[in-house]
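Data first, discussion second: the structure below is written as structure tokens.
The values are calculated or read from the model by the stated rules, or taken from the named source; none is laboratory data. All values derive from a computational prediction rather than experimental measurement. Cβ atoms come from the backbone with ideal geometry, glycine included; neighbour counts cover every protein chain shown. Areas reflect the complete protein model, heavy atoms only, side chains present, ligands, DNA and RNA absent. Shrake-Rupley method; radii C 1.70, N 1.55, O 1.52, S 1.80 Å.
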2 protein chains.
Amino acid sequence: METIGSEQRDLLRTTSSEGCGVERTLKVLDGKWTTLIVRELLSGPKRFGDLRTALGSPSAKTLTDRLRALEHQRILTRTVYAEVPPRVVYRLTEEGESLSDVLYAMLRWGEEHPLTDD
Amino acid sequence: METIGSEQRDLLRTTSSEGCGVERTLKVLDGKWTTLIVRELLSGPKRFGDLRTALGSPSAKTLTDRLRALEHQRILTRTVYAEVPPRVVYRLTEEGESLSDVLYAMLRWGEEHPLTDD
DNA sequence: TTATATAGTTTCCGTATGGAAACCATTGGC
DNA sequence: GCCAATGGTTTCCATACGGAAACTATATAA
């Protein structure tokens, strides 16, 4: 029983190493917290502080770096509300939302293959 | 139009940050070349040298490290043929093959979202 | 007047990652 | 007797990554 159809296999086979779609996705999801940030935002927009808490407190610097990178790649938007203290909300763009297919595939694989040792 | 069904969204929402399936998958696919190695092997078993060429010549040390890690996690098997010069073949296990769902999702996303600048 | 909350920024630093280069083992072929 | 080919291993090193701590801005509340 195949886990992959011939159509999919062909796509994977014929794509060159350079500029392959897989590499493009890897580039976007690069960095220690990046993928998890997207996962958090898939359940709705979140504030900076909420993200930090949900992720288990990465350093402010690191979280800022990742958010800025994702913003630059148009995966999410950053909205500052002119209040005091400031409120900043991050929300996925349509492009960011579309990463849910990748995230969900990861989620399923991870749950179907619990780690044996390690 | 939603890109994710309510069933999927619920799964992503209710999973805690620790031990989430996404994190498990990230752990397996960790490292610079890891995901690309799996992509290469999805089109069939490959020798060490073939992998190096296909990937664009990562250092031997790095490739060895990644292959050993994937072997340890039972994503692939390493078969040594007692010939001279030696021939070593790497092939995905069933578990490794099942990563095709993740890889294919990445491939599609990457192809549907070519980079604008960067 | 001072404290407080949020969302940073900046500086500094330790570690991990990955690459380059040199070296090794084996044996069939010249 | 020596070289080539394969698939490594070992050592060394530069950089990138990410964390900790200290600092900042602002307006409201006490």
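Numbers below:
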| quantity | calculated |
| --- | --- |
| Among (1) in contact with a Lys or Arg (Cβ under 9 Å, 6 or more places away or on another chain); (2) within 25 Å of A:Arg24 (Cα to Cα); (3) near DNA strand C (Cβ under 9 Å from one of its atoms); (4) touching a residue at least 24 places away in the same chain (Cβ under 8 Å), the one test that A:Val88 misses | (2) |
| Candidates B:Gly44, B:Gly96 - the one that is within 11 Å of another protein chain (Cβ to nearest Cβ), open to solvent by less than 40 Å² (accessible area, probe 1.4 Å), more than 9 Å from DNA strand D (Cβ to nearest atom) and in contact with a strand residue (DSSP E or B) (Cβ under 7 Å, 6 or more places away or on another chain) | B:Gly96 |
| Condition met for A:Leu29 (within 15 Å of DNA strand C (Cβ to nearest atom), aliphatic (A, V, I, L, M), within 24 Å of B:Glu97 (Cα to Cα) and open to solvent by 10 Å² or more (accessible area, probe 1.4 Å)) | yes |
| Filter result for B:Gly56 (exposed (fewer than 14 other Cβ atoms within 10 Å of the Cβ) and within 13 Å of another protein chain (Cβ to nearest Cβ)) | yes |
